[in-house]
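Trainee: Below you will find the structure I want to go over with you.
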Amino acid sequence: MVGLDFKPGDYVRLRLALEELDGRILESSDSGVVLLKLSSGYNIGILKENILAGRVLRKFREEKEEFKILRKEGLPNIGLIVTGGTIASKLDPRTGGVKHLVDINEFAKFYPEMFDIVNVKTIDIPFMIASESMTSEHWRKIAESVKKMIDDSDIEGVIVTHGTDFLGYTGAALSFFLKNLGKPVVLTYSQRSIDRASSDANLNLQCSARMAISDCAEVMLVGHATINDDFCYALPGTKTRKMHSSRRDAFKPINSFPIAKIWKDKVEFFRGYNKRDNKRKAELDINYNDKVALVKFYPGQDASILDFYALKYRGIIVEAAGLGHLPVSESEQNWIPKLKKYIREGFVVCAAAQTINGRLDPYVYSNGRELVDAGMIFLEDILPETALVKLGFVLGHYGWKMKVKEKMLENFSGEFNERLAV
């Protein structure tokens, strides 16, 4: 083994017994192993004792480049809210991982095409966090930031960048928290980071910019419509789910249609939508109760699970089977007695479809009718995650305590369809 005077981030050439390898040194938790990122993008670990020689080809220097965006005359202004996720990250050459973009100049450096469509008048970074770590408090902060921006008469719309995994929950929350919208609110993301040739970030941001200055005053998710870099869809905030772990077109409308098809230079609307009115003042309503849960029913599940939730929570959404079925009187796991007991005591139990697509109908079979008689609320064609957010929103309003069922079945933000989309 040779003495190796390498530091994380250095680009080096290492000579082994049978080959030479070029790559960037990464931070290693094992002092006896050199971690190397190859030009292929793969990382390998090499025992130091197996390295015969090595030299630095390029020393690592922390980027100090000053990049200043120029506002372009005649372009509309938008607000940008950055909350974390892959779309707000760049490669860290010292660790091989990613780190956050922290200001608008970095966004302009990595995503310059967006700034040919709009000027970003205001940027807010309320937090930088992965979406799986978000809580309702983060949803509130995003909503407050959106409200402040759209109240600015000089801003045409707002883009929120976000992690993908739980983006659907935030879309639903903003749809309930922001009432009477007069301007577009666009949530966007990327499945793949900007250092990858297959990144979806650039097109998603360009299409988001188009929707942020469009005539559609709704909360919507914008991202790749296909696996190719051709166009995006704008999808409704309460009817969209991530349906694939890694594909660029991961998000799909459920029991609904896209609002629009978007190219880099134009927008084509598919259906009716809430029209822009820059004079209309949005109302912020961020009352929320976190004592809600989402429970998936599975075969053999005992009704005693309700004992736990009724003790600690105000209400639950049950992902029920078929048209909204749970074990009832003919079953050994009969849920009816405990449902009646806890619902009588004020615990709220709602049903959503675990099939995702389709609508609940408790009146087709006697099973469903028993559950209705027990007091369960059947939430038609709503998405389970949207139902969870809505239940927290409804229970967060003290004045709605005596009309929870009525409010859960009220169509606040397009979470229900009168007829199923096909």
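Trainee: Here is a check on your reading of the model: is V394 surrounded by 22 or more Cβ atoms within 10 Å (Cβ to Cβ) and at pLDDT 95 or above? Steps first, answer last, please.
Mentor: Values: surrounded by 22 or more Cβ atoms within 10 Å (Cβ to Cβ): yes; at pLDDT 95 or above: yes.
In short, yes.
Trainee: While we're on this one: Go through the residues of the range 278-287 one by one and say whether even a single one is part of a loop (DSSP other than H, G, I, E, B), small (G, A, S) and in contact with a helix residue (DSSP H, G or I) (Cβ under 8 Å, 6 or more places away or on another chain).
Mentor: Scanning the range 278-287 turns up at least one residue that is part of a loop (DSSP other than H, G, I, E, B), small (G, A, S) and in contact with a helix residue (DSSP H, G or I) (Cβ under 8 Å, 6 or more places away or on another chain).
Trainee: Would you check which residues across the range 297-342 are in contact (Cβ under 8 Å) with a residue 12 or more places away in the chain, part of a loop (DSSP other than H, G, I, E, B) and among the charged types (D, E, K, R) and list them?
Mentor: D302, R314, listed by residue number.
Trainee: Let me ask something else about it. Please identify the pairs in which a residue from the range 131-157 that is modelled with pLDDT under 95 has its Cβ atom under 9 Å from the Cβ atom of a residue that is among the polar types (S, T, N, Q) and not in a helix (DSSP H, G or I), counting only partners at least 6 apart or on another chain.
Mentor: Close Cβ pairs satisfying both conditions: S131/T83; S131/T164; M134/T83.
Trainee: For the range 378-393, state whether one or more residues are closer than 21 Å to S331 by Cβ, in contact (Cβ under 8 Å) with a residue 24 or more places away in the chain and not in a loop (DSSP other than H, G, I, E, B).
Mentor: For the range 378-393, residues closer than 21 Å to S331 by Cβ, in contact (Cβ under 8 Å) with a residue 24 or more places away in the chain and not in a loop (DSSP other than H, G, I, E, B): present.
Trainee: If you check I343, I336, I377, I356, which single one turns out to be out of contact with any Leu (no Cβ under 6 Å at 6 or more places or on another chain) and on the phi > 0 side of the Ramachandran plot?
Mentor: Values: I343 fails: on the phi > 0 side of the Ramachandran plot; I336 fails: on the phi > 0 side of the Ramachandran plot; I377 fails: on the phi > 0 side of the Ramachandran plot.
After ruling out the rest, the residue left standing is I356.
Trainee: Determine which single condition T238 fails, assuming it passes every other condition in (1) without any contact (Cβ under 8 Å) to a residue 60 or more places away in the chain; (2) open to solvent by less than 60 Å² (accessible area, probe 1.4 Å); (3) polar (S, T, N, Q).
Mentor: Just one mismatch for T238, condition (1).
Trainee: Part of a loop (DSSP other than H, G, I, E, B) and either surrounded by fewer than 23 Cβ atoms within 10 Å (Cβ to Cβ) or touching a residue at least 24 places away in the same chain (Cβ under 8 Å) (or both): does that describe N367?
Mentor: Against the criterion (part of a loop (DSSP other than H, G, I, E, B) and either surrounded by fewer than 23 Cβ atoms within 10 Å (Cβ to Cβ) or touching a residue at least 24 places away in the same chain (Cβ under 8 Å) (or both)), N367 does not qualify.
Trainee: While we're looking at this one, here's another question. Looking at V389 and the list (1) open to solvent by less than 10 Å² (accessible area, probe 1.4 Å); (2) of a type outside the set (G, A, S); (3) more than 28 Å from F257 (Cα to Cα), which single condition is not satisfied?
Mentor: It is condition (3) that V389 fails.
Trainee: Mind listing whichever residues of the range 326-346 are out of contact with any Asp or Glu (no Cβ under 7 Å at 6 or more places or on another chain) and open to solvent by less than 40 Å² (accessible area, probe 1.4 Å)?
Mentor: Listed by number, the residues that qualify are L326, P327, S331, W335, L339, Y342, I343.
Trainee: Are any residues in the range 333-361 acidic (D, E) and more than 15 Å from N255 (Cβ to Cβ), and if so, which ones? It would help to see each step written out before you state the result.
Mentor: Narrowing the range 333-361 to residues acidic (D, E): 345, 361.
The answer is E345, and nothing else.
Trainee: Here's something else I'd like to know. With a cut-off of at least 3 residues that are closer than 30 Å to D165 by Cα and at pLDDT below 65, name the strands (runs of 3 or more DSSP E) lying wholly within the range 48-106.
Mentor: By residue number, 89-91, 98-100.
The values are calculated or read from the model by the stated rules, or taken from the named source; none is laboratory data. The shown structure was predicted, so the numbers you read here are calculated from the model rather than taken from an experiment. No Cβ is skipped: glycine too gets one built from the backbone with ideal geometry, and neighbour counts run over all protein chains shown. Remember, those area values only see protein heavy atoms, side chains included, never the ligands or the DNA or RNA. Shrake-Rupley method; radii C 1.70, N 1.55, O 1.52, S 1.80 Å.
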